[in-house]
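Okay, so here's the structure we're looking at.
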Amino acid sequence: MDVKLNTIRLVLVLSLAGEILNNAVSFAVFCVLDFVDFILCFVYKIIDFWIESQWKPCYCSSAKQHIIEGDNILVSEECESKIVCLTSTNLQLEDISDTLYSRPSIVAQLSKFIINDLNKTKKTTVTSTFTIDSTIVEVLRGNVVPRWSDCDCKICNSWTSSSKDTLFVKAEGPKDKAREDVLFIHGFISSSVFWTETLFPNFSTTVKSTYRLLAVDILGFGRSPKPTDSLYTLREHVEMIEKSVLEAYQVKSFHIVAHSLGCILALAIAVKQPGSIKSLTLLAPPYFPVPKGEPATQYIMRRIAPRRVWPVMAFGASVACWYEHISRTICLVVCKNHRLWEFITKCITRNRIRTYLLESFCCHTHNAAWHTLHNIICGTAGKLDSYLDTVCNRLKCEVTIFHGGDDEVIPVECSYNVQKRIPRAQVKVIENKDHISIVVGRQKAFAKELEKIWKRSKCD
């Protein structure tokens, strides 16, 4: 008994020591990264001006307290931001995340505390103000040309040679006699090959002959358009999927299979077309309930990017989410040179390992990844509750959720959080699988599971 008690105490002490060490190292590392990102801001301005003869807007500058002339302006109040888009025919209100331009560094937070202490000694009047961010205005005006740091290969830019302003869609199955349609939506920093190279070859002959399988590259990723004048908002992503898949292929009713960030897009589509959804299958949905009184976007950013060096996935997410210029550097090294990395991988493995995941990971621009991460993952934080309630109350279809037991990107609790909102949803945790291997490596088993779900929907 004493041995067990001592063991428990030792584990608790080691756990506490590890947490303290992680916090201390994280503080030091992210202080350095704050400084590096600050320096890179000026480095990229110089390089951009030297190569492209113009400065590139970034989100390092504070939001300005005046209205800038133009067709689009940003208005924000109480951590909620929208873009007002003026056109010749209508006025659109575009949702954007304040995390794009409000990501306080450790140094900035310390300064804020000092300023708040000083302000306590003064009488201040709190007024409601609207702010505008010049970077977003410049982006929407279309003043941002393709960056020299983006890849110029045929795969990444295949959309430029097409006259169609639509997403890339990989369609398999009968063209005219399909009885069922299935829409596949990939996750963040991925593409349609996540589905087409894994699941599509493993579906049964019956499914291939009766189902039309539609895997889409979302806006800014894979072979789809990567417009530089886009903020990659939820509206843009959803409308492009509707235009490129549902309208182009005349889809009336359909099943949805979505992974990670794609789950948010799937829910948005389901809410817009509740009568058309036959089944909803979500893999690792990134749903974190926001506590009352917390700024939704900032809360989600800190959940998915906690500024910690451990675990490794948390460190990677933190770098991608908090540092605009460091993440651009990573895209420059990895994405712009993805053909080199693919060649090296093939040489090392003697071409025994397929590199479709590497292609999927690299085929995007920094502009697309940066805005999609903030505007979809963070920016939709205040909407997901209502989306899930709508699915629960208005949709009658089967809802199935799969999650890897070892997923360090999106914790398993997220799937159970969804189930709390949609009690009829079935949660299936796949042990010893992570964010990617929940599909890759078990594609045959997962293909059979999907077929069972679709078959049950026919009987309902």
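Here are the numbers:
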{"item": "19 Å reach of a label modelled at Lys396, 7 Å along Cα-to-Cβ, counting backbone N of segment 263-283", "result": "270-281"}
{"item": "Cα-centre dipole for segment 201-295 with unit charges at Cβ (Lys and Arg positive, Asp and Glu negative), debye to 20", "result": "320 debye"}
{"item": "Distance from segment 421-456 to segment 338-367 (C-alpha centre basis), Å", "result": "27 Å"}
{"item": "Over segment 158-457, relative contact order from alpha-carbon pairs under 8 Å, at least 6 apart, %", "result": "22 percent"}
{"item": "Value of Rg/Rh across segment 158-457 [Cα atoms, Kirkwood radius]", "result": "0.94"}
{"item": "Order of exposure, largest accessible area first, which applies to Phe254, Phe38, Phe168 with probe 1.4 Å", "result": "Phe38, Phe168, Phe254"}
{"item": "Long-range HN-HN contacts of Ile185 with modeled amide H, under 5 Å", "result": "Val257, Ala258, His259"}
{"item": "Cross-link pairs Lys177/Lys448; Lys252/Lys433; Lys272/Lys420; Lys278/Lys383; Lys177/Lys452; Lys154/Lys208 - those with Cα-Cα distance over 25 Å", "result": "Lys252/Lys433; Lys154/Lys208"}
{"item": "Stokes-Einstein D in µm²/s, Kirkwood radius over Cα pairs - segment 197-354 at 20 °C with 1.002 mPa s viscosity", "result": "113 µm²/s"}
{"item": "Cut-off 11 Å between beta-carbons: net charge of the residues surrounding Gln443, Lys and Arg +1, Asp and Glu -1", "result": "+1"}
{"item": "Accessible area of segment 318-460 divided out per residue, in Å², using a probe of 1.4 angstrom", "result": "47 Å²"}
{"item": "Loop trypsin sites (Lys or Arg not before Pro), segment 335-378 (other Cβ atoms within 10 Å of the site Cβ: 10 or fewer; DSSP)", "result": "Arg350, Arg352"}
{"item": "Net +/- balance of residues flanking Phe315 in space, Cβ distance below 11 Å, scoring K and R +1, D and E -1", "result": "+1"}
{"item": "Sum of side-chain charges, Ile430 neighbourhood, beta-carbon under 11 Å (Lys, Arg +1; Asp, Glu -1)", "result": "-2"}
{"item": "Residue among His325, Ile401, His374 farthest towards the positive dipole end of segment 158-457, charges placed on Cβ", "result": "Ile401"}
{"item": "Segment 158-457, accessible surface, carbon-and-sulfur percent (1.4 angstrom probe)", "result": "53 percent"}
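The values are calculated or read from the model by the stated rules, or taken from the named source; none is laboratory data. As the structure is a computational prediction, the values presented were derived from the model and not from experiment. Neighbour counts run over all protein chains shown; Cβ positions are idealised from the backbone, glycine included. Note: accessible area is taken over every heavy atom of the protein model, side chains too, but ligands, DNA and RNA are not part of it. Shrake-Rupley method; radii C 1.70, N 1.55, O 1.52, S 1.80 Å.
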